[in-house]
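Computed from the coordinates by the stated procedures, all read-outs in this text should not be read as laboratory data. In this text, all values refer to a predicted model and were calculated from it rather than measured experimentally. Neighbour counts are summed over all protein chains in view; Cβ atoms, including those assigned to glycine, are modelled from backbone coordinates with ideal geometry.
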Amino acid sequence: MSAQGGSTSARVIVDLHCHTNASFDSLSNPLAVVRAAATRGITHLAITDHDRVDGAQRARDARVPGITVLVGAEVRTREGDLIALFIEQPITAGLPVREAIAAIRAQGGLVGIPHPFDGWRSSLLAGSADEELLAHVDWIEGWNARLVAPGGNQRAAELAAAHGIPAVASSDAHTILEVGGAATAMSGDLSTPAGLRTALRGDREMIMGRGSLVARLITPVAKVVNAARNNRRIPAGSRFGEPR
């Protein structure tokens, strides 16, 4: 891994974007993900499955020693993806982005922008930066370990710096192999929204690893396997757990 930032003395290490088999494109058992993260030095892991929180809740409630699980979701909006943290109910998929942010805030949650310039995925800023929208987010992924588009991470980090928004590095892990491959070192109590927001505004160090090609090749297989198990992407206008 390469790093960017200052000293990591007496800091915690957090990965704010990770998937489990509650996502339609991952086969990773939630407890296995958390145990792998703890083994690799991650102290706080946000599990952010696509439009679902049940995998994260199972992992949190297992109380694996040495690591704190933050419950969240990768929320698909009409304009692109968001990361929601500190929510207990899933957000309806496919809402307009400002409605999705309002729904996250209504639960007391925090909002981040993942892989903002990845043209291969549902990226919120792939077209152009929305100045008004940026005022409503708590962080931007300045480094996403799965991002393939050349220069995408650099553009994201520069955008965050230009607007005074904290930048973080995240693994976006969809396999056990990737867990903890990128993360952010910071100081503070990350177990509450207020604590994480304060820590994000403090000194941070991005630990910038890359996801392996082998791990990416597993994703199409995971989609097929999960489809056979009736675990598919949540349709726009639906919320996980509600009749479709």
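In segment 28-58, whose amide N lies under 16 Å from the spot 7 Å out along Cα-to-Cβ of E88? List them in ranges. Only 53-58 pass the distance filter. Specify the residue with the greatest mean-square fluctuation among A106, A156, A173, computed from a Gaussian network of the chain linking alpha-carbon atoms under 10 Å apart. It is A106. Between segment 177-228 and segment 8-82, the C-alpha centres lie 8 angstrom from each other.
Couplings 3J(HN,Hα) for segment 15-22, derived from phi with the Karplus relation 6.51 cos²θ - 1.76 cosθ + 1.60 (θ = phi - 60°), are 10, 9, 7, 7, 10, 10, 6, 6 Hz, where x marks Gly and Pro. Working note: 222 nm ellipticity from helices only, DSSP H runs with n ≥ 4, each -39,500 (n - 2.57), summed and divided by the residues of the chain, gives -8000 deg cm²/dmol to the nearest 500.
Each label point was placed 7 Å from the Cα along the Cα-to-Cβ direction; for L177 and D130 their separation is 3.5 nm.
With the convex hull constructed from alpha-carbon coordinates only, the chain shows a mean projected area of 11.8 nm² over all directions.
About its Cα centre, the chain has a charge dipole of approximately 640 debye under the convention of +1 per Lys or Arg Cβ and -1 per Asp or Glu Cβ, with nothing else charged.
In order along segment 133-149, phi translates into HN-Hα couplings of 4, 4, 5, 10, 10, 9, 7, 10, 6, x, 8, 10, 5, 9, 5, 9, 4 Hz, rounded to whole numbers, per the Karplus curve 6.51 cos²θ - 1.76 cosθ + 1.60 with θ = phi - 60° and x for Gly and Pro.
Annotation: amide H-H contacts under 5 Å for L70 (H modelled 1.01 Å from N, sequence separation of 5 or more, or interchain): L45, A46, I47.
The listed peptides 229-237, 66-74, ordered by packing as a protection proxy, come out as 66-74, 229-237 (highest mean of other Cβ atoms within 10 Å first).
Extending 7 Å from Cα along the Cβ direction at T192 and again at A161 yields two label points whose distance is 3.3 nm. For I113, nonlocal amide neighbours, meaning residues 5 or more places apart or on other chains whose placed amide H falls under 5 Å from its own, are I83, W139, I140, E141. Shape call for segment 18-162 from the C-alpha gyration tensor, a ≥ b ≥ c root eigenvalues: rounded (a/c under 1.5), prolate (a/b greater than b/c) or oblate? Prolate shape, in that a/c is at least 1.5 and a/b is the bigger ratio. Of the complete DSSP H runs in the chain, those spanning 15 angstrom or more by Cα along the long axis with a mean Kyte-Doolittle score not below 0.0 are 213-228. Protection proxy ranking of 39-51, 13-25, by the mean of other Cβ atoms within 10 Å over each peptide's residues and highest first, is 13-25, 39-51. For G188, the residues whose amide H sits under 5 Å from its own are V12, ignoring neighbours fewer than 5 places away on the same chain, with H placed 1.01 Å from N. Considering only G209, L125, V64, and ranking their Cα positions along the charge dipole of segment 2-228 that arises from unit charges at the beta-carbon of Lys, Arg, Asp and Glu, the one farthest toward the positive end is V64.
The magnitude of the dipole of segment 164-244, with charges of +1 and -1 set on the Cβ of Lys/Arg and Asp/Glu and taken from the Cα centre, is near 480 debye.
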